[in-house]
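Chemist: One structure is given below, represented as structure tokens, and several questions about it will come after.
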Amino acid sequence: MIQLTFASNNIGIYIHLTFISLIIVCLCFFLCFIVVVLSIFFTSPHLQEDARYIFFVYMLVNDTFFLLSGFTLMLGAVYFLYFPVPVCFILNTVSFLTFRVTPATLAAMALEKYIAICHPLRHKDLCTPQRANVAFILICTALIFPNAADLGFMALSFRTTFNTSILCRKENLFVNSFQYVLRSLSLALCFVLVAIIILFTYIKITMVAHRVSSQSSCTSKARKTILLHTFQLLLCTMSLLSTFIDALPASQAMFLPSFNFFVFSCAPRFLSPIIYGIRDECLRERIKKSLTRHLKN
């Protein structure tokens, strides 16, 4: 019996290390892609004037912060690492905020597609770079309120323990039941609103496609992009289920936190380059030229 338990623990450790390795490898490729896209974006004035690419860059940078903070928290939970309370709060704030910003940005990108297809004459006036920047700032500002409430409760309860270290889990930062309610409501409201917007844009784009005798490639591509956004949103929503699995003792299922993080948190973020990077003809050609130039050097 002891040998079986020891063997199962070893298998769990090997699986855990495999997922950790996959996360690190994928994260390295993702960061390299980020560097390439940012270099292309900031050296291409034409792309800087397009709201679609502005949202895309914002989402990639936001996902980078989410992956780095989430990976740190996952390692802390698995290996029982202690963090100072302020550091733990910052990591949880960045992780929770960026987790919700991604679907909200997907909704903004879906609306941009809707305006481009259904109201092409007003697209240049409505989807300006300035409005795209303001929209992203408003998204971040609106979604940070639950974290501000957490800080207020912590300031009242952790006045004498800010210099202490704790296991960096979000439940260890909750000092009031209202925090659970506020976070749950904010998550539910965010995902429901995003789902409604994506469904609305898909229906409208489909209606335009049916009105056109021969579907244009632009309309067909827009529909596929909205469907991919829907799949990405479903993956983000499924990551909420990982909370129940993470509640299992790490000694019984050590690989589950790394499995959850890789499948439900990393995978939706790694889809972003595929959706808007590889599928976009303009970006695809520029990425090829950039990679070819670097390989020659």
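Chemist: Between residue 203 and residue 189, with labels modelled 7 Å along Cα→Cβ, what's the label distance in nm to one decimal, could you check?
Modeler: Taking the two extended label points, one gets 2.3 nm.
Chemist: Under the Karplus relation 6.51 cos²θ - 1.76 cosθ + 1.60, θ = phi - 60°, what is the ordered set of whole-Hz ³J(HN,Hα) values for segment 277-289, x standing for Gly and Pro?
Modeler: x, 6, 6, 7, 4, 4, 5, 4, 5, 5, 5, 4, 5
Chemist: What FRET efficiency would be calculated for the residue pair residue 124, residue 156, taking the C-beta separation as r and a Förster radius of 51 Å, to the nearest 0.05?
Modeler: Calculated value: 0.55.
Chemist: Find how much the distance from residue 65 to residue 133 grows on full extension, using 0.36 nm per residue of separation minus their present alpha carbon separation; answer in nm with one decimal.
Modeler: Length difference between fully extended and current span is 22.7 nm.
Chemist: Once the piece of chain linking residue 181 and residue 165 is laid out straight, how much longer is it, given 0.36 nm per residue of separation minus the C-alpha distance between them?
Modeler: 3.2 nm is the gain from fully extending residue 181 to residue 165.
Chemist: Now a separate question. Under unit Cβ charges (Lys, Arg +1; Asp, Glu -1), what dipole magnitude, rounded to 20 debye, does segment 61-151 have relative to its Cα centre?
Modeler: 260
Every number in this text was worked out from the coordinates using simple rules, so none of it is lab data. All values derive from a computational prediction rather than experimental measurement. So basically every Cβ, Gly included, is an ideal-geometry build from the backbone, and we count neighbours across all protein chains shown.
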